[in-house]
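The values are calculated or read from the model by the stated rules, or taken from the named source; none is laboratory data. As the structure is a prediction and not an experimental result, all values here were calculated from the model. Note that we place each Cβ from the backbone using ideal geometry, even for glycine, and neighbour counts take in every protein chain shown. Surface areas here come from the heavy atoms of the whole protein model, side chains and all, with no ligands, DNA or RNA. Shrake-Rupley method; radii C 1.70, N 1.55, O 1.52, S 1.80 Å.
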Amino acid sequence: MTSNTTSKNVFPPPMQPASNGVFQGDDPLDYALTLAILRQPRVVAEIVGGIILGPSALGRNKSYLRAVFPSKSLPVLDSLANLGLIFFLFLAGIELDPKSLGKTGGRVFAIAMAGISLPFALRIGSSFVRQGTIAKGVNTSAFLVYMGVALSINAFPVLARILAELKLLTTSVGRMAMSAAAVNDVASWILLALAVALSGSSQSPFVSLWVFLSGCGFVVCSILIVLPIFKWMAQQCHEGEPVDELYICATLAAVLAAGFVTDAIGIHAMFGAFVFGILVPKDGAFAGALVEKIEDLVSGLLLPLYFVSSGLKTDIATIQGLQSWGLLVFVTFTACFGKIVGTIVVSLLCKVPFNESLVLGFLMNSKGLVELIVLNIGKDRKVLNDQTFAIMVLMALITTFMTTPLVLAAYKRKERKSNYKYRTIERKNADGQLRILACFHGSRNIPSVINLIEASRGIKKHDALCVYAMHLKEFCERSSSILMAQKVRQNGLPFWDKGRHGDSVHVIVAFEAYQKLSQVCVRPMIAISSMANIHEDICATADRKRAAVIILPFHKQQRLDGSLGIIRNDFRLVNKRVLEHASCSVGIFVDRGLGGSCHVSASNVSYCIAVLFFGGGDDHEALAYGARMAEHPGIRLVVIRFLVEPNIVGQITKFDVGDSSRSNSISEDDEFLAEFKLKTASYDSVIYEEEIVKDAAETVATIRGINCCNLFLVGRRPTSELAFALKRSECPELGPVGGLLASQDFRTTASVLVMQQYPNGVPINFVPEMEEH
């Protein structure tokens, strides 16, 4: 068979920074600046939402404030908010691995200390000068330490979510940022504990000393007593087995008890929860089970109440006059200058490349929720007045908002371009190894995916097939997503992880069992990204693994009545982007239960596969895949070529492809089919037929007459005028023939695999149709 494969790798053109505006026909979402602004961490929206609900916006209407937030309800709101804060800090402690702190080298430690010391010193100096105007009658020591901590602290949970969203969590710069942020976090909490101890109502310095020493004693006792208990619990919890509810309840009760103890000491209840979170063993199923049990309640209900409580304390109207707004600019500049410049200078001295040093500086400048916690404690302790509190909240919002755009602008990702030969199934050396990247959304797709792999493996060579099975999971700003991303990504990309994590255990077990039974090399992996850019993971992984074809799941699944129902429209957009950007062939798999609800063993495979051939490169790819499947002893292949009656050629549709291109396409089709017939002449399981039809109606009738078929193989962009005359599909990513087979009007139990061959000889232009639908 002739091959139109090329070794040149085609990558999408770079995204332009700014649009010309919607009035000139540009889509702002296609440009980098708009996406950088929109791709903000969730905490930005939560802080803004809290401010809007408070006296800065809606709360200026006193009737609204009395009706929605009456004064008698505020203690209840604050209690629930602080309960959410306790469990959030417990989750933050689980995300922070103390082993990584021990492994941090001198370079990371120096970067972390620079990110603390310079802004701390700058803020103490400036606060000492301006204390008379912004903090009259406040404990000087407590005020200076609070202001220093507020500017030097960085939000470890927010930083982890920004890195995971930008796919930098497991890159070298991401690992340095996370390690430095962890060191920074621990040091800042120690300083905050000191500030809380200093802000007590007692005038005796010995009271503050006793509070601080008691806090240190609590940490030591927790390590000696609680840590062994947590380790024992973790040893009783095995991967793939449910965790005993007794362990979960006991741990959560211990977290509340720890909060009570530290609150009684005089620090804050959240310190005890944070310490207990750090002590939870990170290996095994115990930590994951704890996170899954409480993260929805905390992030979905309790923590938003904390932002509301904070917003009710924030009154931007207190920032009045040029001096106050100038103070906001000064505080913001001091915070950014100290963090960014200090981190960059020390990073360069540690021989970190300038680009990575710049990115580290921007990342270490993120604030978010942890900053809000420090400020609220300071306000509750009467260390910060209303104006200072509002200024510091706005400073935290500005610095967090600017982090993502600055990182996107500064970070230059090194594009790895693989130069490999076999990017299609159609090739001259048909006996070479076929590499497939098979994607799926969940466990429901696994039996059909495994049965499709079984049909693809052939019998000629032991290593003729290598499959990378990629579980597509959406990234969300949850602790479980962060923990998963840290385990299943390497250098910013998905990788083959032999470990078993949470709900992916049964997925890995299923593919490992199939690999042992079939001798097919199957490597399961997980791609965890936002739906807006998970296609980048798919395309980059296919290129890195030198895949010849990517198999994508259709965005609809079969219902009990046999019809196809939409799962999520996001999946459809993912498929569209992969079709546009992939550097190998792509297939979209419309699953109607190929082989049933379980894996069919090789000896029991009995499928009839039909290839509907109209002509063109995509149909060549579909037939080449079918020819490979025909090598399996349990598969019967039926190839049907559709031809137009000679006397009505050119009368079916007004589509004009040009006489020369039409004749070239026909000659290529004839040559390809001649080679296919020669190759499969000795196959008893291959049937070749030609159907001469008059119009689209007769074509549809012929396709409907195909009975007892388990799988249809078709091309996405056939070149025949018969295919173009078919009814316009509601799913342009499937093409005219695939759209017909997947439509509600076409009643069949057969699955459909729609192939697009690489390179894209025919331009992909179904954006208008997708926008219309």
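Numerical summary
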| quantity | calculated |
| --- | --- |
| Qualifying residue in the stretch 297-309 (condition: of a type outside the set (Lys, Arg), assigned by the TED database to the domain that holds residue 65 and touching a Pro at 6+ places or on another chain (Cβ under 9 Å)) | no |
| Residue identified as surrounded by fewer than 22 Cβ atoms within 10 Å (Cβ to Cβ), farther than 22 Å from residue 455 by Cβ, outside the structural domain of residue 289 (by the TED database) and at pLDDT 90 or above among 560, 573 | 573 |
| Which listed residue, of 383, 341, is surrounded by fewer than 20 Cβ atoms within 10 Å (Cβ to Cβ) and either over 30 Å from residue 602 (Cα atoms) or charged (D, E, K, R) (or both) | 341 |
| Residue in the stretch 735-742 that is open to solvent by 20 Å² or more (accessible area, probe 1.4 Å) and either hydrophobic (A, V, I, L, M, F, W, C) or modelled with pLDDT under 90 (or both) present | yes |
| Residue 721, sole failed condition from (1) touching a strand residue (DSSP E or B) at 6+ places or on another chain (Cβ under 8 Å); (2) modelled with pLDDT of 85 or more | (2) |
| Candidate set: the stretch 152-204, residues that are in a helix (DSSP H, G or I) and touching a Gly at 6+ places or on another chain (Cβ under 6 Å); chosen: the one surrounded by the fewest Cβ atoms within 10 Å (Cβ to Cβ) | 193 |
| Qualifying position, being surrounded by 15 or more Cβ atoms within 10 Å (Cβ to Cβ) and without any contact (Cβ under 8 Å) to a residue 24 or more places away in the chain, among 65, 80, 91 | 65 |
| Selection count, the stretch 399-432, where residues are part of a loop (DSSP other than H, G, I, E, B) and either open to solvent by less than 70 Å² (accessible area, probe 1.4 Å) or modelled with pLDDT of 75 or more (or both) | 15 |
| Residue ID - nearest to the chain's Cα centre (by Cα), chosen from residues in the stretch 703-716 that are on the phi < 0 side of the Ramachandran plot and open to solvent by 30 Å² or more (accessible area, probe 1.4 Å) | 710 |
| Tabulated pairs, the stretch 389-403, first in the same structural domain as residue 366 (by the TED database) and closer than 16 Å to residue 40 by Cβ, second open to solvent by 10 Å² or more (accessible area, probe 1.4 Å) and of a type in the set (D, E, K, R), C-beta under 6 angstrom, 6+ apart or interchain | none |
| Residue check for residue 488: among the β-branched types (Val, Ile, Thr), at pLDDT 65 or above and touching a helix residue (DSSP H, G or I) at 6+ places or on another chain (Cβ under 9 Å) | no |
| Residue selected from the stretch 539-581 under the condition small (Gly, Ala, Ser) and touching a residue at least 60 places away in the same chain (Cβ under 8 Å), by the criterion nearest to residue 625 (Cα to Cα) | 548 |
| Residue check, residue 378 buried (at least 24 other Cβ atoms within 10 Å of the Cβ) and in contact with a Lys or Arg (Cβ under 9 Å, 6 or more places away or on another chain) | no |
| Single residue of 243, 219, 255, 308 found to be under 16 Å from residue 86 (Cβ atoms), touching a residue at least 40 places away in the same chain (Cβ under 8 Å) and either buried (at least 22 other Cβ atoms within 10 Å of the Cβ) or of a type outside the set (Lys, Arg) (or both) | 255 |
| Tally, over the stretch 576-603, of residues that are closer than 28 Å to residue 517 by Cα and open to solvent by 10 Å² or more (accessible area, probe 1.4 Å) | 13 |
| Hits in the stretch 601-626 - residues which are in a helix (DSSP H, G or I) and over 36 Å from the mean Cα position of the chain (by Cα) | 603, 604 |
| Residue under evaluation residue 325, criteria (1) surrounded by 22 or more Cβ atoms within 10 Å (Cβ to Cβ); (2) assigned to a helix (DSSP H, G or I), criterion not met | (1) |
| Total residues in the stretch 341-375, condition at pLDDT 90 or above and either touching a strand residue (DSSP E or B) at 6+ places or on another chain (Cβ under 9 Å) or of a type in the set (S, T, N, Q) (or both) | 3 |
| Some residue of the stretch 604-622 being touching a Ser or Thr at 6+ places or on another chain (Cβ under 6 Å), open to solvent by 10 Å² or more (accessible area, probe 1.4 Å) and more than 18 Å from residue 709 (Cα to Cα) | yes |
| Any chance residue 347 is under 25 Å from residue 181 (Cβ atoms) and of a type in the set (Ser, Thr, Tyr) | yes |
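For every residue, the table says whether it meets (1) assigned by the TED database to the domain that holds residue 547; (2) closer than 24 Å to residue 157 by Cα; (3) surrounded by fewer than 23 Cβ atoms within 10 Å (Cβ to Cβ).
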residue	(1), (2), (3)
360	no, yes, no
363	no, yes, no
387	no, no, yes
438	yes, no, no
